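**Q** Here you go, one structure.
The values are calculated or read from the model by the stated rules, or taken from the named source; none is laboratory data. Predicted model only: the values in this text are computed from it and were never measured. Here the Cβ positions follow ideal geometry from the backbone for every residue, glycine too, while neighbour counts run over all protein chains shown. Heads up: the accessible areas ignore ligands, DNA and RNA and are worked out on the full protein's heavy atoms, side chains in. Shrake-Rupley method; radii C 1.70, N 1.55, O 1.52, S 1.80 Å.
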Amino acid sequence: MRAAPLVDGAIAGAVGSAALNVVSYLDIAVRARPASSIPEETVRRLAGAAHVDLGPEDRAATRRSGLGPVLGYATGIAGGVAFGLLAARRRIPLPLAAGLLGGGVMAATDSSITVLRISDPRTWRAQDWLADVIPHLAYGMAAVATWNRLRPPS
């Protein structure tokens, strides 16, 4: 396989991640809700599981606040690369592809926070689900639109 679909997928995933963040921050601003602590807690749990010392607590907290968003971008980029592998030889309609990609990344994220015992999506309220679904759909739409722009039909 050529590298171009992987690179294009990574670019699409990065654009999708930026869209997810914009929608999430707009939600924070509109509803005046606090930012999620899940990314930082995910870093805390992963660092602990990997026996990685993030330093004294004041520095560790700062590192977690920086690494949380980086982990989110890594997840989004990986989702884009996976999409690039799957969609390299076929054109998937935008709504279907956006739903599958956004839903797939959301499922990966939500399952990881469940396995790490950070949160249990089964206990979420409707507004919690909307705060998760809408940004992931924005991710999917932006990533697939970018993919389609980078890889026009031949």
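**Q** Checking residue 100 against (1) open to solvent by 80 Å² or more (accessible area, probe 1.4 Å); (2) closer than 21 Å to residue 10 by Cβ; (3) without any contact (Cβ under 8 Å) to a residue 12 or more places away in the chain, which test does it fail?
**A** (3)
**Q** Please give the number of the condition residue 53 fails out of (1) part of a helix (DSSP H, G or I); (2) open to solvent by 70 Å² or more (accessible area, probe 1.4 Å).
**A** Unmet for residue 53, out of (1) part of a helix (DSSP H, G or I); (2) open to solvent by 70 Å² or more (accessible area, probe 1.4 Å): (1).
**Q** Another one. Restricting attention to the range 60-119, which residues are within 14 Å of residue 147 (Cβ to Cβ) and either in contact with a Ser or Thr (Cβ under 6 Å, 6 or more places away or on another chain) or of a type in the set (Phe, Trp, Tyr) (or both)?
**A** 76, 83
**Q** Name the residue, out of 46, 6, 26, 20, that is on the phi < 0 side of the Ramachandran plot, in contact with a His (Cβ under 7 Å, 6 or more places away or on another chain) and either part of a helix (DSSP H, G or I) or not hydroxyl-bearing (Ser, Thr, Tyr) (or both).
**A** 20
**Q** Sticking with this structure for a sec: Within the range 34-43, take every residue that is without any contact (Cβ under 8 Å) to a residue 40 or more places away in the chain, out of contact with any Ser or Thr (no Cβ under 7 Å at 6 or more places or on another chain) and part of a helix (DSSP H, G or I) and give me the one that is least open to solvent (accessible area, probe 1.4 Å).
**A** 43
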